[in-house]
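See structure below.
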Amino acid sequence: MSGNSIGKLFTVTSFGESHGPAIGCVVDGCPPGMALSEADLQVDLERRRPGKTRHTTQRREPDRVKILSGVFEGKTTGTPIGLLIENTDQRSRDYSNIMDRFRPGHADYTYYKKYGLRDYRGGGRSSARETAMRVAAGAIARKYLRERYGVRIRGYLKALGPIVAEALDWDEVENNPFFCPDAGKVAEMEAYMDALRKEGNSVGARINVVAEGVPPGWGEPIFSRLDADIAHAMMSINAAKGVEIGAGFESVIQKGTEHRDEITPEGFVGNNAGGILGGISSGQNIKVSVAFKATSSIRLSGRTVNLAGEPVDIVTTGRHDPCVGIRATPIAEAMLAIVLMDHALRHRAQNLDVTTDLPDIPPEAG
């Protein structure tokens, strides 16, 4: 199976299935000499971990990561970093009733048509379980970016179904199970999710991610534009159906005078570009928004076909996220960190000695 790696100089290759013995990844290209421990990675894994609240899947996985290689005496060696997380709470029996039929809205049908077989236990390789390794790998990238360049990557839930966060209080994001930055919306979200679970249905979400402190110059034209690689990374996340950079689709209704982010010696006037111009970082905050669809693993009966192509009904039992976007914030942060880390190293390799007389333009205020 191809397509399991991302990056050119900082690469991440993941492996494993939802109901296999373990999931893991190999991170290659991390520079030597950075202090790194399993505790550094565990912080973000804990933020993503399932089973913490009633609003997410009740699969109970501790998600304890092990560093198998690439670290000696507490520091990275420059060699491949092997990471492993054991699966400890699989309940494959929950999927025995769908082994001969395809869940609509899932990858069951497409995997079967591509490979001639599929792992029906929780989706196998297509399960969101795989994203735990992205979070672990992303923690390495964001640690290096923070310590070497002062880059800070943060995300939050902008919308849970019809409920939209209006305030942006970064201190509130980690105080509730939704990563919601608007304390005034949390109770409404909890009530909405309780009703949704009772109904047996699911809903989508919108996640915003921001990278602050990215210097100008990262990104490579034409096909390795920074925004193109970010979009590629975000769309690789399970259930992602849309990505916006900066103003995104709002650009359609903006006039040129509104969208162009005028430049003054004191700084940019606005950031509709999302911190990227011509595929290259401008020094402004990089702003990304990702839309996640509602999961199709629901207990409400739906129509599908079986292995013989015959019409049948299907009900998905087991433990599933009624809104996959609730746990997507640390995943989206990780993917942005991986892309920025890769481009930081690529920029350093070709353009380390490039200097200009023009001072950096300050980012927009706020």
Any strands (runs of 3 or more DSSP E) falling wholly within the range 275-351 and containing at least 2 residues that are touching a residue at least 60 places away in the same chain (Cβ under 8 Å) and more than 29 Å from Glu199 (Cβ to Cβ): 286-292
Complete set of residues in the range 189-210 that are at pLDDT 95 or above and either loosely packed, with under 14 Cβ neighbours inside 10 Å or over 25 Å from the mean Cα position of the chain (by Cα) (or both): Ala191
Arg134, sole failed condition from (1) surrounded by fewer than 24 Cβ atoms within 10 Å (Cβ to Cβ); (2) in a helix (DSSP H, G or I): (1)
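Hey, could you check the range 10-23 for residues that are surrounded by 22 or more Cβ atoms within 10 Å (Cβ to Cβ) and in a strand (DSSP E or B) and say which is nearest to the chain's Cα centre (by Cα)? So that I can check it myself, show each step before the final result.
Taking the range 10-23 first, the residues surrounded by 22 or more Cβ atoms within 10 Å (Cβ to Cβ) are 10, 12, 16, 23.
Within this subset, residues satisfying the condition of being in a strand (DSSP E or B) are 12, 16, 23.
Numbers: Val12: 14, Gly16: 18, Ile23: 17 Å.
Top of the filtered list is Val12.
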Test: residue in the range 244-264 that is part of a strand (DSSP E or B) and under 18 Å from Gly155 (Cα atoms): yes
Test: residue in the range 195-214 that is farther than 22 Å from Ala291 by Cα and part of a loop (DSSP other than H, G, I, E, B): yes
Matching option when the condition is under 20 Å from the mean Cα position of the chain (by Cα) and not polar (S, T, N, Q), among Gly256, Gly274, Gly278, Gly283: Gly274
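Pick from Pro104, Pro181: which is surrounded by 22 or more Cβ atoms within 10 Å (Cβ to Cβ) and not in a helix (DSSP H, G or I)? Full working, then the answer.
On the way: Pro104 fails: surrounded by 22 or more Cβ atoms within 10 Å (Cβ to Cβ).
Unique residue meeting the criteria: Pro181.
The values are calculated or read from the model by the stated rules, or taken from the named source; none is laboratory data. Fair warning: this is a prediction, and the values are worked out from it, not measured in the lab. Ideal geometry is used to build each Cβ from the backbone, glycine not excepted, and the neighbour counts take in all protein chains shown.
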